[in-house]
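Report on the structure given below.
The values are calculated or read from the model by the stated rules, or taken from the named source; none is laboratory data. Owing to the predicted nature of the structure, the values given are computational and were not obtained by experimental measurement. Cβ placement follows ideal geometry from the backbone for every residue including glycine, while neighbour counts extend to all protein chains displayed.
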Amino acid sequence: MQQELIKKYFEGTATKEERTEVELWYASVQLPLQQGQDQQAVRSRIYAKTKQVIDAEPIVRKFPWLNWRLLSAAAAVLLIAGVVFVIFNSQQKTGRNALLGNALMGHDIAPGGDQAVLTLADGRQISLDTAAEGKLMGSTGLQISKKNGVIVYSPTNANASPGRYNTLSTPKGAQYELVLPDGSHVWLNALSSIRYPEVFSMNQRNVEVKGEAYFEVAHQQTKDKKLRIPFVVQAGAEQIEVLGTHFNVHYYQGDPMRLTTLLEGAVKVSSHGKSVLLSPGQAAGIENGKQEIQKLSDVNTELAVAWKEGEFQFEDASVPEIMNQVARWYDVEIAYQGEIPQEHFSGRVSRTENLSQVIEILKRGGIRFKINERKITVY
């Protein structure tokens, strides 16, 4: 970034476009704007950071998404390369809109939210985004309630039948949280589902998952307290036997790899007669179209559960991998014109942003888009 441009910003003579460029660079060096800061305070902080960079020896910094040149006092060119998402706090929406511009607002799409359909054992369906808080259903031995946007199963006696199954499913652009009859918590990502019994049996807890889900499994023992009741997740051909508690299952058919990532405890993943035992920080991966289980060590567990924490987060991700997540969360169709871009990106951005914010950042990484209602063409 040229010193003259920075000087104009400090003096208040920069155009709106020039101010946006300086402020985006400012955000990329990870000095987030604070809500309520006045313009002079922002300029002072930019000045301090700029002087720090200019006074330093010229070095190459990786700030993916950004391709600008930063000139030192000696007019040396410092290329800011790579791929990164600009991070902003969700409470600073007004400031973010000013920084990222308004070029795509005509095509803007809001992010996903809490929405799901609960299908009961008798086939009845309940749309949970419109259902009122409180008891949704009560029967012999079971009560299903919606509490603060979470579905909670509460067995009321031991006479409930474990042979009746319910299914919770999320469409594109949605997520939802569920408390199973044993007290285990499950978070469903977009375009996902979980099938489970209204009441678990006394010796086994089995559920089926499609898409992506994060589990925090409750410890449960047999009546004599001698054995732990197994918890088993079936995801396509993979069977995940839970020996611990916190793990993420990523099983989208359109993604290049199916992953089970362990955060806490232990799980055993089995497929086609083979199995691997995972410790925290490890994952079991199976490439789509293949059967071999790969045991991955030292994985970035934050990456696996970023969706649950309200973020998109990537490490060396391809354009199709990123756009698959965009399609599921914003309920849009993705098409490619010509060759698929070969760039790989790393970084993060909030899932609370409107689509225009995410697209604008991707555009700064050199990717081009054409948007027609809910269809995005990448070229």
- Query: Can you tell me how many residues in segment 102-146 are touching a Leu at 6+ places or on another chain (Cβ under 7 Å), of a type in the set (V, I, T) and modelled with pLDDT under 90?
  - Reply: 1
- Query: Among the residues of segment 267-285, is any within 14 Å of E238 (Cα to Cα), touching a His at 6+ places or on another chain (Cβ under 8 Å) and not in a strand (DSSP E or B)?
  - Reply: no
- Scanning for something β-branched (V, I, T) and touching a Lys or Arg at 6+ places or on another chain (Cβ under 7 Å), does segment 258-279 turn up at least one residue? yes
- Message: Among the residues of segment 121-147, what is the count of those that are closer than 20 Å to T170 by Cβ, part of a loop (DSSP other than H, G, I, E, B) and either within 26 Å of the chain's Cα centre (by Cα) or of a type in the set (S, T, N, Q) (or both)?
- Response: 4
- Say whether the condition of being more than 19 Å from L191 (Cα to Cα) and over 16 Å from the mean Cα position of the chain (by Cα) is met by at least one residue in segment 246-255. yes
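Take the residues of segment 307-343 that are under 17 Å from G366 (Cβ atoms) and assigned to a loop (DSSP other than H, G, I, E, B): which is modelled with the highest pLDDT?
Step one: of segment 307-343, the residues under 17 Å from G366 (Cβ atoms) are 314, 316-323, 326, 336-343.
When the remaining residues are screened for being assigned to a loop (DSSP other than H, G, I, E, B), the result is 337-343.
Values: Q337: 91, G338: 88, E339: 87, I340: 87, P341: 83, Q342: 86, E343: 84.
Here the answer is Q337.
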- Condition met for G347 (surrounded by fewer than 20 Cβ atoms within 10 Å (Cβ to Cβ) and either touching a Pro at 6+ places or on another chain (Cβ under 7 Å) or assigned to a loop (DSSP other than H, G, I, E, B) (or both)): no
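Does I359 qualify as being more than 25 Å from Y214 (Cβ to Cβ) and in contact (Cβ under 8 Å) with a residue 40 or more places away in the chain?
Values: more than 25 Å from Y214 (Cβ to Cβ): yes; in contact (Cβ under 8 Å) with a residue 40 or more places away in the chain: yes.
So I359 fits the description; yes.
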